[in-house]
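The values are calculated or read from the model by the stated rules, or taken from the named source; none is laboratory data. Please read these numbers as outputs of a predicted model, since none were measured by experiment. Virtual Cβ from ideal backbone geometry, glycine too; neighbours counted across all protein chains shown. To get the accessible areas, we keep the full protein, side chains included, count just its heavy atoms, and leave off ligands, DNA and RNA. Shrake-Rupley method; radii C 1.70, N 1.55, O 1.52, S 1.80 Å.
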Amino acid sequence: MRTLLLLLGLLATPLTAAEYRIETLADGLHHPWGLVELPNGELLVGERRGRLLRLNADGSRTAIDGLPDIKAGGQGGLLDLALHPDFTDNLWLYFSYSQPGPGGAGTAVARAKLTGNRLIDTQSIFEQYPKTSGGAHFGSRLAFDPQGYLFITTGERYHSRDMAQQLDNHLGKIIRLHDDGRVPKDNPFVERRYALPAIWSYGHRNIQGAAIHPRSGVLWAQEHGPRGGDEVNIIKPGVNYGWPVVTFGQEYSGGAIGQGSHHPDMEDPIWVWVPSIAPSGMLFYTGSQFPQWQDSLFIGALKARKLVRLTLDGEQVTQEQHLLDELGSRIRTLVQARDGGIYVLTDASNGKLLKLVAPASPEG
């Protein structure tokens, strides 16, 4: 069994605000979720209600037209954004969203070319099967690995949690595709009868944070537990991550879920929060503004209303520290800026785009 560090609220130490400055780049954003920095330095922000905005260099904002039909409500709506690794040449913008259809809604991913302030040539990349009722647990994060494969994280849609253990559906799964939506031939379940070939891993609850490790090129993800039991996992092909058979959490009404916290045929998380922090955005820091943070793993916390920094020794977490306690804001999304700062989206009806930058040098 992997050595597991379980946070019980006793190991965390705060970082002082003297280590960073907070710049407010935009406010009045309605539950912002996705964020990308364009090659020209402008930013695209997606609001969960189904609006995509360009934040222009002069401080103004422009709505981007051309999004598909989106079922916004609850945790669903316009979710993550990602640029194709060759965006400068091909202009492909990827976005995940809750797609309406027979049975309710499901997580979907499309790509379109960003031309001026309009999306054109939209192509469907992925549609979660089956669609279900309810407005919870859509996931979703998008991540390209160094080989150009696209990873898509999903949720099990809350009321369908047992389906996370079955391979005939996309609920509670991580999906791996080529950039155009084709299924790679080396996906782990391509040859398995009755399994959906796009599945990379399974047994997940609701993954709202994912990032590629900058050294190994491997996908890491974190997911919401129920009442306790939020997890950080290193994602391996074909592996079962246990939900809802094993968990460190409890039913919201109280009581045990599944068979405990460990199963010999299921992968253990490398880090767990009890009580829950409600993790969302995820970022490995590789920038130059904060050399003391190099290779740290940052995770936004919704319920705990802070930014969490995990210090790593290989695949082990050695320390947890907290930032942005002073804001008291739900942290939804993290993106490393090209200049080494860190963009932060706060989740609120009056959400903000913030930027963490190095403190100013003292004069004299």
* To do: Quickly run through the stretch 175-229 and pick out the residues that are touching a Leu at 6+ places or on another chain (Cβ under 8 Å) and either of a type in the set (Gly, Ala, Ser) or under 24 Å from Pro275 (Cβ atoms) (or both).
  => Ala195, Ala198, Ala210, Ala211, Trp220
* To do: Please indicate, with yes or no, whether at least one residue in the stretch 1-20 is in a loop (DSSP other than H, G, I, E, B), under 18 Å from Ile331 (Cβ atoms), touching a Pro at 6+ places or on another chain (Cβ under 8 Å) and at pLDDT 95 or above.
  => no
* Hey, among the residues in the stretch 84-95 that are open to solvent by less than 40 Å² (accessible area, probe 1.4 Å) and free of Cβ contacts under 8 Å to residues at least 60 places away in the same chain, which one's farthest from Met282 (Cα to Cα)? -> Asn90
* To do: Under 8 Å between Cβ atoms, at least 6 apart or on separate chains: pull out the pairs that start in the stretch 23-44 with a residue that is farther than 22 Å from Gln75 by Cβ and end on any residue that is in a strand (DSSP E or B) and hydroxyl-bearing (Ser, Thr, Tyr).
  => Leu25/Tyr343; Glu37/Tyr343; Leu43/Tyr343
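Out of Leu67, Leu35, Leu44, Leu53, I need the residue that is part of a loop (DSSP other than H, G, I, E, B) and under 24 Å from Asn90 (Cβ atoms). Which one?
Working: Leu35 fails: part of a loop (DSSP other than H, G, I, E, B); Leu44 fails: part of a loop (DSSP other than H, G, I, E, B); Leu53 fails: part of a loop (DSSP other than H, G, I, E, B).
Exactly one residue qualifies, and that residue is Leu67.
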* One residue from Tyr202, Tyr241 being of a type in the set (Ser, Thr, Tyr) and either closer than 20 Å to Tyr149 by Cα or open to solvent by 10 Å² or more (accessible area, probe 1.4 Å) (or both) -> Tyr202
* Asked: Is there any pair linking a residue in the stretch 178-189 that is touching a residue at least 40 places away in the same chain (Cβ under 8 Å) to one that is of a type in the set (Gly, Ala, Ser) and open to solvent by 20 Å² or more (accessible area, probe 1.4 Å), with Cβ under 8 Å and at least six apart or on different chains, and which?
  -> Asp179/Gly148; Gly181/Ser124; Pro188/Gly238; Phe189/Gly238
* Scanning for something at pLDDT 95 or above, in contact with a Leu (Cβ under 8 Å, 6 or more places away or on another chain) and under 20 Å from Pro184 (Cβ atoms), does the stretch 56-63 turn up at least one residue? -> no
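Tell me, which strands (runs of 3 or more DSSP E) wholly within the stretch 74-148 include 1 or more residues that are polar (S, T, N, Q) and within 22 Å of Glu37 (Cα to Cα)? Spell out how you get there, then give the answer.
Working: elements: 78-83, 92-101, 104-115, 118-127, 142-144.
Passing ranges, in order: 92-101, 104-115, 118-127.
Considering only the stretch 96-114, state which residues are closer than 25 Å to His159 by Cβ and surrounded by fewer than 24 Cβ atoms within 10 Å (Cβ to Cβ). Talk me through it step by step, then tell me what you get.
Of the residues in the stretch 96-114, the ones closer than 25 Å to His159 by Cβ are 96-109.
Within the stretch 96-114, Gln99, Pro100, Gly101, Pro102, Gly103, Gly104 meet the criteria.
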* To do: May I ask you to list pairs of residues, at least six apart or on different chains, whose Cβ atoms are under 6 Å apart, with the first in the stretch 345-364 being loosely packed, with under 12 Cβ neighbours inside 10 Å and the second being in a loop (DSSP other than H, G, I, E, B) and at pLDDT 95 or above?
  => Ser349/His30
* Given the conditions (1) free of Cβ contacts under 8 Å to residues at least 60 places away in the same chain; (2) crowded, with 24+ Cβ neighbours inside 10 Å; (3) among the hydroxyl-bearing types (Ser, Thr, Tyr); (4) within 29 Å of Asp313 (Cβ to Cβ), and given that Thr154 satisfies all but one, which numbered condition is not satisfied? -> (4)
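Out of Ser288, Ser280, report the one residue that is assigned to a strand (DSSP E or B) and of a type in the set (Gly, Ala, Ser). Give the derivation first.
Numbers: Ser288 fails: assigned to a strand (DSSP E or B).
From the options Ser288, Ser280, the qualifying one is Ser280.
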* Where a residue in the stretch 300-319 is open to solvent by 30 Å² or more (accessible area, probe 1.4 Å) and its partner, wherever it lies, is of a type in the set (D, E, K, R), with Cβ under 7 Å and at least six apart -> Arg305/Arg330; Lys306/Asp325; Leu312/Asp295
* On the given criteria, is Asp325 charged (D, E, K, R), surrounded by 13 or more Cβ atoms within 10 Å (Cβ to Cβ) and closer than 26 Å to Ala136 by Cα? -> no
